[in-house]
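Student: What follows is a structure written as structure tokens; I'll ask about it next.
The values are calculated or read from the model by the stated rules, or taken from the named source; none is laboratory data. Every value quoted in this text rests on a predicted model; they were computed, and no experiment measured them. Cβ coordinates were reconstructed from backbone atoms using ideal geometry, including for glycine residues, and neighbour counts include every protein chain displayed. Ligands, DNA and RNA are stripped out before the accessible areas are found, and what is left, the full protein with its side chains, is counted by its heavy atoms. Shrake-Rupley method; radii C 1.70, N 1.55, O 1.52, S 1.80 Å.
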Amino acid sequence: MANNYARVTQFKDLQSFREYLASEKIDIKLAELPPPGESALAEKIAHNGRTIGNRWAILPMEGWDCTDDGAPSEYTRRRWLNFARSGAKLIYGTEAAAVMHSGRSNPQQLMVADHTAGALKDMCKEMRQVHKDKFGSDEDLLIGLQLTHSGRYSHPNEAAKLESVTAYSNPLLDKKFGNSAANVVSDEEVQNIIQHFIKAAVIAQEAGFDFVDIKQAHGYLAHEFLSAIDRPGPYGGSFENRTRFFREIAEGIKKAAPGLELSARLSIFDIVPFIKGGDGVGKPMEYSGNYPYAFGADATGMNMDENLTEVVKFVKVMQEYGVSLICATIGSPYYCVHMQRPAYYPVADGYEMPEHPLYNVSRHIKAVARLKELCPDIKVVGSGYTCLQEYLPNAAEYAVANGLTDFVGIGRMVLSYPDMPADILAGKKLDRCRICRTLGDCTNAPRHGMISGCYPLDHFYKELPEAQRLKAIKELARKK
């Protein structure tokens with residue numbers, strides 16, 4: 001169980017942590033940090049005629065803190081401005097933003113629509129100014145907006161009411177989430193969703209974003225189409241049909257928003273869904289024979305296909321449509337959280353880790369490295385580093401210096417310690433009081449209908465009424 005794993009805070013120095021990783025047979029390489037200015041993380045990189053100022057990226061997340069109609073709130077603004085002050089020169093996607101109401105993952109998710117266009121433009125402009133005020137220039141800063149439809153995990157009207165839109169009937173996920181054939185989206189509605197992606201991209205371009213990211217990860221709708229092997233018609237079955245959803249979005253954006261750069265967050269490989277076992281530990285759902293619905297996985301559905309045949313083929317298709325930057329992730333936080341978001345503490349509706357959380361950090365790093373090896377001409381943002389805590393900078397430095405990734409992205413860590421990249425690049429000692437310890441409250445709060453944030457470490461969230469409510473919920477859960 002996860003509670004038996006040695007915590008990162010137990011290791012007094014880099015060498016003792018290296019020795020522990022070796023004893024656990026966890027392959028994560030750690031580098032000594034060079035003096036300021038000599039770090040691989042500080043290196044600039046050319047991209048589509050621009051220069052990105054360093055190798056840090058801020059990953060897109062969902063804040064559960066927008067207004068009912070999907071407009072950014074003051075909570076949203078605070079997070080985004082923290083991203084701008086972080087020191088990272090690639091704000092990768094900023095936020096997972098729904099392209100239409102029915103595709104919102106929660107009732108407070110950001111939405112890209114006519115009525116939010118002005119606020120998005122103001123926020124993008126303010127981010128650039130805040131970054132310029134702190135670092136002297138924003139010419140080497142790239143800001144994107146992630147576009148998504150939550151598909152199977154849509155909760156547009158009530159946090160507790162699932163209103164799924166699925167690409168196909170998946171026997172395990174249908175069982176786990178109570179979906180049915182009635183939830184499968186029609187070809188006609190697919191066309192409508194595609195048009196919303198295109199319109200959202202036009203709005204993002206007019207708002208001043210440098211690129212839009214088409215989210216094809218974590219089991220959301222665009223990702224699910226990639227494994228729609230049983231779906232009949234033009235959007236399922238063959239590889240050509242399963243990639244049609246992306247291709248029609250990308251083609252439409254190129255026509256409607258010429259000059260807007262495209263990116264994609266992609267789950268490099270997926271696995272069989274997990275559930276909580278009788279002992280509280282996660283276990284794979286039972287499936288007779290090989291599992292065919294895990295895009296990028298081997299035939300068992302439990303591990304990455306080392307050849308990544310379809311994944312590489314799809315990356316090359318995306319490149320043909322103008323994608324030159326991708327953010328690589330694995331799995332889904334909805335059905336294999338231990339792999340997608342490795343942590344020492346389970347979230348409220350989750351399960352204890354069935355394997356060492358740091359092993360799954362290594363799976364992220366290795367998956368990205370393998371993709372870089374097979375697709376060397378596309379730039380990649382790696383993810384999954386937060387669980388390394390104090391030693392995140394060491395793993396990040398090694399990965400970039402040795403070509404395992406082009407950028408290192410941080411998500412949860414930036415909520416508690418937004419200026420970590422700036423501190424690392426300046427050679428400052430890390431502020432241990434703000435390092436994410438994977439306590440999970442940034443997820444526990446949204447699971448109970450509250451805004452997402454770091455309640456344990458960020459004093460802003462500590463002082464909100466939600467902090468006491470969350471504390472009471474966790475205390476009640478412990479007594480059960």
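Student: Just one of the numbered conditions (1) out of contact with any His (no Cβ under 9 Å at 6 or more places or on another chain); (2) open to solvent by 10 Å² or more (accessible area, probe 1.4 Å); (3) at negative phi; (4) not charged (D, E, K, R) is not true of residue 354; which one?
Tutor: (1)
Student: Regarding residue 154, is this residue open to solvent by less than 50 Å² (accessible area, probe 1.4 Å), closer than 30 Å to residue 52 by Cβ, touching a helix residue (DSSP H, G or I) at 6+ places or on another chain (Cβ under 8 Å) and small (Gly, Ala, Ser)? Even if it seems obvious, please write down each step before you answer.
Tutor: Details: open to solvent by less than 50 Å² (accessible area, probe 1.4 Å): yes; closer than 30 Å to residue 52 by Cβ: no; touching a helix residue (DSSP H, G or I) at 6+ places or on another chain (Cβ under 8 Å): yes; small (Gly, Ala, Ser): yes.
So residue 154 fails the test.
Every residue, every condition in (1) assigned to a helix (DSSP H, G or I); (2) surrounded by fewer than 21 Cβ atoms within 10 Å (Cβ to Cβ); (3) free of Cβ contacts under 8 Å to residues at least 60 places away in the same chain, yes or no:
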site	(1), (2), (3)
408	no, no, no
421	yes, no, no
424	yes, no, no
439	no, yes, no
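Student: Can you tell me which residues in region 441-462 are surrounded by 15 or more Cβ atoms within 10 Å (Cβ to Cβ), touching a helix residue (DSSP H, G or I) at 6+ places or on another chain (Cβ under 8 Å) and in a helix (DSSP H, G or I)?
Tutor: Answer for region 441-462, where residues must be surrounded by 15 or more Cβ atoms within 10 Å (Cβ to Cβ), touching a helix residue (DSSP H, G or I) at 6+ places or on another chain (Cβ under 8 Å) and in a helix (DSSP H, G or I): 441, 442, 444, 445, 461.
Student: Tell me the strands (runs of 3 or more DSSP E) entirely within region 257-372 that contain at least 3 residues that are closer than 30 Å to residue 202 by Cβ and in contact (Cβ under 8 Å) with a residue 24 or more places away in the chain.
Tutor: In region 257-372, 261-267, 323-329 are the strands (runs of 3 or more DSSP E) which contain 3 or more residues that are closer than 30 Å to residue 202 by Cβ and in contact (Cβ under 8 Å) with a residue 24 or more places away in the chain.
Student: Then there's this: Is at least one residue of region 239-250 open to solvent by less than 30 Å² (accessible area, probe 1.4 Å), in a loop (DSSP other than H, G, I, E, B), in contact with a His (Cβ under 9 Å, 6 or more places away or on another chain) and hydroxyl-bearing (Ser, Thr, Tyr)?
Tutor: No: region 239-250 contains no residue that is open to solvent by less than 30 Å² (accessible area, probe 1.4 Å), in a loop (DSSP other than H, G, I, E, B), in contact with a His (Cβ under 9 Å, 6 or more places away or on another chain) and hydroxyl-bearing (Ser, Thr, Tyr).
Student: Moving to a separate point now. If residue 322 passes every condition in (1) touching a Gly at 6+ places or on another chain (Cβ under 7 Å); (2) on the phi > 0 side of the Ramachandran plot but one, which one does it miss?
Tutor: (1)
Student: Right, something else. Please go through region 373-384 and pick out each residue that is open to solvent by less than 10 Å² (accessible area, probe 1.4 Å) and either in contact with a strand residue (DSSP E or B) (Cβ under 8 Å, 6 or more places away or on another chain) or without any contact (Cβ under 8 Å) to a residue 60 or more places away in the chain (or both).
Tutor: Scanning region 373-384 gives 378, 380, 381, 382, 383.
Student: Restricting to region 463-480, and then to whatever is without any contact (Cβ under 8 Å) to a residue 60 or more places away in the chain and under 17 Å from residue 64 (Cβ atoms), can you tell me which residue is most open to solvent (accessible area, probe 1.4 Å)?
Tutor: 469
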